Structures are given as structure tokens and as C-alpha cells.
Amino acid sequence: MSSTFDVMVVGLGAAGSSALYHLSKTGKKVCGIDQFLPPHPYGSSHGQSRIIRQAYHEDPLYVPFIKRAYVLWEEIEKNSGKQLFLKTGGLMLGHPDTGVIKGAELSAKMHDIPYAYLSNQEISTRFPAFKPGNNVVGVIEENAGILFPEDCIKAHLEVAATNNSKILKNEKVTTIHTHSDVVEVVTTQGKYRANKVIIATGAWISEFIPELNLPLTVERQVLYWFKTNESRVRVDNLPIYIWEYAPGKMFYGFPDLGDGIKVAHHHAGEPTSVHTLNRNISQEEIDSMRNVISTHFNLNAAFNYGTVCMYTNTPDERFIIDYHPQHKNMIIASPCSGHGFKFASVTGRLLSQLALNEKPELDISLFSISRFNK
């Protein structure tokens, strides 16, 4: 195949693999490249499961994006023949005035999302695995559930390959040179040219566009699995959940999919980088999460294993989906800050539209790079 393409996608994680899939349906000559063998455990798109939900407590502005994402996840499921989504319902927990509760209820009301408001007693009765305090309430939505991240990435790449996309794996991009009419991508194994390039390299993204000095930070994120034989944590008895146990402090988790319940803190990790990330999990960290479980669950669970990934964060925790300010043949994608995976199906669609000079089907102005200059 020629080394000249209409569009190249650098980075084939959640957003990049989806962008390649959507581009592959257009008949354009497209190529995706990754320094590892995607899906891989070195970035932000691994760990067996990701939450997807509609009553979005972060901001009602995300709801149109997540509703479109549901449709596109269903599309790639059909096209790949793989189950990528498992509906479990989703429960937000916290005191009545916490952001998780008030935000989820606001999004549900504004966008007509079916939900129920649960009292402390109703939570205990319906989901006996939880041990809510006296002032804890819940907002539950029926259509929330689990995405399987590794399978999602595989599905996007496999269908893209059947649509004649070129996929280069274990090939590291060293430099990207932008010219007025073409972009040159230099790797450890050769050079490629493209009319447009999408940069979706996760925690590595600042290395490719240092001139923008984007205010991105990388945060270490630990995921834990605790094993128990109790039936109350099985998929039919336990939804996905996000629990704000103190103002601005929360943990989230999943029912037992075979290896135990998965649980993690949200935005509680130390700053790091792709070159300094500590992938070892200390006994102190395990004991801290064990204390969370003993405090908030009616469970006797033993640590099974854990893994480490990264959050790439913007100051306002909103994504970046935009053209490079000086180079319109380069598109920057950082759907990040620890809540981006669920949107990957629609993020890839939006990136493909930008790369083809089409008007994005949703308003992405809130994800612009220019907001950092204000």
C-alpha cells in the first residue's frame, strides 16, 4: 500500500481506534499507527471495564454526546459481532447536596432520562452489598452499564481493517512535520505523508505538540479487584456505582465479572508522566482501599490484584477535540480527565468529521483549545 494517505491517526486507544473505524467507512485512504500493540496496558484504555451512563453529574452539556455514543456503540457491536456493552443500571450515592447526586438529577431532568431517587433504606433493601450511612441517598438510572474497553478497541480496529485501513503496530512516531498542504509523519521505521493527521496519543500528547503548551497534567490511577463469593455482588444484584463520600471525593466500581468487584478512587492519584509512572501498587494503597470497602460495603472481600493506568487531565476536566490553532491539517484529540472512554464511539465520529472538513454533528465548542487562552 502507498505510504501517502488521506488521513493518518496517531494513537489507537479509545479515541484513535474509533476515529480510524469511522474514517474507514468513508472510502478514504486511511492509516492508524500505535507505538504498542493495541489494546495494550500502558496507557488509559485497559482494565476490563468502563462505566457508561446518561444522567451525567459532571455537566448536562455532555448528555447529547453520551446519547449519541450509545447509538454508535450499538452500531460497532452489530458490525463487529461482539458484545461491548452490558446493562447493569447505575447508582450515584452521596449526601443529598453532593455534586454527584445533584448533578445526576439535574441532567436526568433536563434531558428526560428515566431515574429514581432512593432513600437510605431503599438502597439497603435493593442493593444489600452497600452499607450507606444515615444521610446517604441514591440516584439510579436504568440504562447505565459497562463497556469492555479492550474489546471495544479490538472491534474498532478489526472492522477498520476489513474496510481496508492500514494499521501499523509496534511502530513509534518520532516527529510530525506540518506543511501547508501535507503532514509528514516520521517513525522508527519510515516516513508517511497524509493530508490530515489526528493526534490521539493520550498521556503522550504533549510530546507531539509542545508548542501549544497545553495545561495538561497526568495522574496515576490505581484499579483494584477484591474477591468475594457473596452473590450480592454479582451483575444481577449490583449496578455500577459512583459514591461521593465527602465533598469532591469519590470512588466508583463494578459488580463481579469473574475476578471480584472492581473499585477505584476518582482523581486521588499523584502527578506522574509516561516516563515516571509507578506501576507497582503498595501494601498501603491496598489497605486503604480495603478500608473503603469495609466502611461502605457489607462484604468480606480479599484483595485479588490491581493494575495502574493514567488520567490525562485538563484544568476544567473537559476534553480537547479541535484543530491545531496554527495547522488546520492537524486535529488534536484528548477526551480525557478520567471520564472519556464512554464517549469514544462518538468522539471518533467527530474526529473523522473534522478530518474530512465536515461540520461536526454535535457542538464541540466546549472542547476547543482556545478556551485555555481566556
- prompt: Over the range 222-374, what is the relative contact order in whole percent, taking alpha-carbon pairs under 8 Å and six or more residues apart?
  reply: 21
- prompt: Relative to the present Cα-Cα distance, how much length would full extension add between T188 and N134 at 0.36 nm per residue of separation?
  reply: 13.6 nm
- prompt: Hey, how many Å between the Cα centroid of the range 85-117 and the Cα centroid of the range 10-61?
  reply: 25
field: Taking all pairs of distinct alpha-carbon atoms in the chain, Kirkwood radius in angstrom
entry: 21.2
- prompt: Under a straight-distance cross-link criterion of Cα-Cα below 13 Å, which aspartates and glutamates are reachable from K359, leaving out those fewer than 8 residues away in the same chain?
  reply: D322
- prompt: For the range 256-265, in order, what is each residue's ³J(HN,Hα) by Karplus, 6.51 cos²θ - 1.76 cosθ + 1.60 with θ = phi - 60°, in whole Hz (x at glycine and Pro)?
  reply: 6, 9, x, 9, x, 6, 9, 8, 7, 6
statement: Of all lysine pairs in the range 1-93 that are eight or more residues apart or on different chains, those with Cα atoms under 24 Å apart total 9
- prompt: Around R220, what is the net charge, scoring Lys/Arg as +1 and Asp/Glu as -1 over all other residues with Cβ under 13 Å from its Cβ?
  reply: -2
message: Just to check I understand the Karplus step: with θ = phi - 60° and J = 6.51 cos²θ - 1.76 cosθ + 1.60, what whole-Hz values come out for the range 194-199, glycine and proline as x?
response: 8, 5, 9, 10, 9, 9
task: Would you mind checking the tilt of helix 344-355 against the longest principal axis of the Cα atoms of the chain, expressed as 0 to 90 degrees and rounded to 10?
output: 20
- prompt: Pulled fully out, how much extra length does the chain show between E142 and K67, if you take 0.36 nm times their separation in residues and subtract their Cα-Cα distance?
  reply: 25.6 nm
- prompt: How far, in nm, would the chain grow between S294 and T276 when pulled straight, counting 0.36 nm per residue and subtracting the alpha carbon separation?
  reply: 3.3 nm
- prompt: When only alpha-carbon atoms count, how far does the range 197-347 stretch along each of its three principal axes, as whole angstroms with the largest first?
  reply: 56, 31, 29
- prompt: Using Cα atoms only, what is the angle between the long axis of helix 14-24 and the major principal axis of the chain, expressed in degrees (0 to 90) to the nearest 10?
  reply: 50
message: Just the number: Rg to Rh for the range 332-374, Cα atoms, Kirkwood Rh, two decimals.
response: 0.97
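Read the figures in this text as sums done on the coordinates, not as results from a lab. Since the structure is predicted, the reported quantities are computational estimates derived from the model, not experimental observations. Glycine also receives a Cβ, built like all others from the backbone with ideal geometry; neighbour counts cover every protein chain displayed.
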